[in-house]
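Enquirer: One structure coming up, written as structure tokens, with questions to follow.
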Amino acid sequence: MTSPSEFQTAMIVDDHPLFCDALSMTLRTVSNIDEITTADTMQAALTQLEGEAPDVIVLDLNLPDVNGLDGLIRLKTALPNTPVVVVSSMADNRMISSTLRVGASGFVPKHSKRDVFREAFEAIAHGKVFTPENFVPTGEKDGPRTSAEEALSRLGLLTKQQARILQLICEGKLNKQIAYDLSIAETTVKAHVTAIMRKLGVQSRTQAVLIAQEANFANIVRSDETPV
């Protein structure tokens, strides 16, 4: 049986230094994590993550350079196999459901006791999704997901390269221009565009742009990111 000792390294993405310090102490107490790095913006986190990825990422949703769930989407696009635990004071059912839909491995209310963090990391280390006590999934209480939530969920299916191409489509660029910008063949761009439309469930580039705009996609993929 596995244990939270699987997590040896972690990154905390939060712009409050005192909370970062407190959370670092909590993580070391409730798990065997012994190497913790921090970042106070999403761009700083993504820059650090260009090196070796940590075993787990702890994310606050309120960062100066993100809008809504953009930060979570950007992390999951960059590191789809790294679990991300959202720790936030915005702990209503709708927000928790939205974070899980776009790829979070768990949600912990920001001022939870240490036992809750211990339970969360144990669950995630075993491949489970953690939700706080009394959580009711959206649809059972709060109604169907909003159009923005639906858009975020679909965008979360894109690979990093597809996300970059969609951003360029949103900027009005044609396949030939995208191919030049990314140094790939135009036929490769066409294949990616076809995959993007299939994943987004649309029939045209215009419809894809509308979904991207619905989720404020311009903030999800930075223009200076290196495509893979």
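Enquirer: So is residue 57 modelled with pLDDT of 90 or more and either surrounded by fewer than 22 Cβ atoms within 10 Å (Cβ to Cβ) or assigned to a loop (DSSP other than H, G, I, E, B) (or both) or not? Please lay out each step first, then the result.
Expert: On the way: modelled with pLDDT of 90 or more: yes; either surrounded by fewer than 22 Cβ atoms within 10 Å (Cβ to Cβ) or assigned to a loop (DSSP other than H, G, I, E, B) (or both): no.
So residue 57 does not fit the description; no.
Enquirer: From the set of residues in the range 125-166 that are modelled with pLDDT under 85 and of a type in the set (S, T, N, Q), which is surrounded by the fewest Cβ atoms within 10 Å (Cβ to Cβ)?
Expert: Ranking the candidates gives 134 first.
Enquirer: Residue under question is residue 99, and the condition is that it be of a type in the set (Ser, Thr, Tyr), outside the structural domain of residue 160 (by TED's automatic domain parsing) and surrounded by fewer than 22 Cβ atoms within 10 Å (Cβ to Cβ); does it hold? Outline the logic, then answer.
Expert: Numbers: of a type in the set (Ser, Thr, Tyr): yes; outside the structural domain of residue 160 (by TED's automatic domain parsing): yes; surrounded by fewer than 22 Cβ atoms within 10 Å (Cβ to Cβ): no.
When the stated conditions are applied, residue 99 does not pass them.
Enquirer: Of the residues in the range 30-45, how many are exposed (fewer than 14 other Cβ atoms within 10 Å of the Cβ) and either modelled with pLDDT of 90 or more or not assigned by TED's automatic domain parsing to the domain that holds residue 81 (or both)?
Expert: Applying the first criterion (exposed (fewer than 14 other Cβ atoms within 10 Å of the Cβ)) to the range 30-45 yields 34-35.
From what's left, either modelled with pLDDT of 90 or more or not assigned by TED's automatic domain parsing to the domain that holds residue 81 (or both): 35.
The qualifying residues number 1.
Enquirer: Could I ask something else about it? Within the bounds of the range 62-77, is there any residue that is closer than 19 Å to residue 17 by Cβ and among the hydroxyl-bearing types (Ser, Thr, Tyr)?
Expert: Step one: list which residues in the range 62-77 are closer than 19 Å to residue 17 by Cβ, which gives 62-66, 71.
Those left that are additionally among the hydroxyl-bearing types (Ser, Thr, Tyr): none.
Looking for residues that are closer than 19 Å to residue 17 by Cβ and among the hydroxyl-bearing types (Ser, Thr, Tyr), one finds none in the range 62-77, hence no.
Enquirer: Quickly run through the range 1-19 and pick out the residues that are at pLDDT 90 or above and buried (at least 19 other Cβ atoms within 10 Å of the Cβ).
Expert: Once the filter is applied, which keeps residues that are at pLDDT 90 or above and buried (at least 19 other Cβ atoms within 10 Å of the Cβ), the range 1-19 yields 10, 11, 12, 13, 14.
Enquirer: Take the conditions surrounded by 20 or more Cβ atoms within 10 Å (Cβ to Cβ) and assigned by TED's automatic domain parsing to the domain that holds residue 15 and apply them to residue 69. Does it pass? Explain how you work it out, then say what you get.
Expert: Working: surrounded by 20 or more Cβ atoms within 10 Å (Cβ to Cβ): yes; assigned by TED's automatic domain parsing to the domain that holds residue 15: yes.
Yes, satisfied.
Enquirer: Are any residues in the range 1-57 aliphatic (A, V, I, L, M) and over 24 Å from residue 73 (Cα atoms), and if so, which ones?
Expert: Start the filter on the range 1-57 by keeping residues that are aliphatic (A, V, I, L, M), which leaves 1, 10-13, 18, 22-23, 25, 27, 30, 33, 36, 39, 42, 44-46, 49, 53, 56-57.
If the condition is that a residue be aliphatic (A, V, I, L, M) and over 24 Å from residue 73 (Cα atoms), then 1, 18, 22, 25, 30, 33 are the ones that fit.
Enquirer: Could you pull out the residue among 38, 82 that is hydroxyl-bearing (Ser, Thr, Tyr) and assigned to a loop (DSSP other than H, G, I, E, B)? Outline the logic, then answer.
Expert: Numbers: 38 fails: assigned to a loop (DSSP other than H, G, I, E, B).
Of the residues listed, the single one that is hydroxyl-bearing (Ser, Thr, Tyr) and assigned to a loop (DSSP other than H, G, I, E, B) is 82.
Enquirer: Okay, moving on. Quickly run through the range 60-79 and pick out the residues that are assigned to a loop (DSSP other than H, G, I, E, B) and either hydroxyl-bearing (Ser, Thr, Tyr) or farther than 20 Å from residue 9 by Cβ (or both). Lay out the reasoning, then the answer.
Expert: Step one: list which residues in the range 60-79 are assigned to a loop (DSSP other than H, G, I, E, B), which gives 60-69, 79.
Within the range 60-79, 61, 62, 63, 64, 65, 66, 67, 68, 69 meet the criteria.
Enquirer: Considering only residues that are among the polar types (S, T, N, Q) and under 17 Å from residue 48 (Cβ atoms), which ones fall in the range 12-34?
Expert: Taking the range 12-34 and keeping what is among the polar types (S, T, N, Q), we get 24, 26, 29, 31-32.
24, the sole residue that qualifies.
Enquirer: Which residues, counting only those in the range 106-127, are of a type in the set (A, V, I, L, M) and under 17 Å from residue 88 (Cβ atoms)?
Expert: Passing the criteria: 108, 116, 120, 124.
Enquirer: Taking residue 48 as meeting all but one of (1) more than 27 Å from residue 115 (Cβ to Cβ); (2) modelled with pLDDT of 90 or more; (3) crowded, with 17+ Cβ neighbours inside 10 Å, write down the number of the exception.
Expert: Single failed check for residue 48: (3).
The values are calculated or read from the model by the stated rules, or taken from the named source; none is laboratory data. Note that the coordinates shown come from a computational prediction; the quantities given were computed from them, not determined experimentally. Cβ atoms come from the backbone with ideal geometry, glycine included; neighbour counts cover every protein chain shown.
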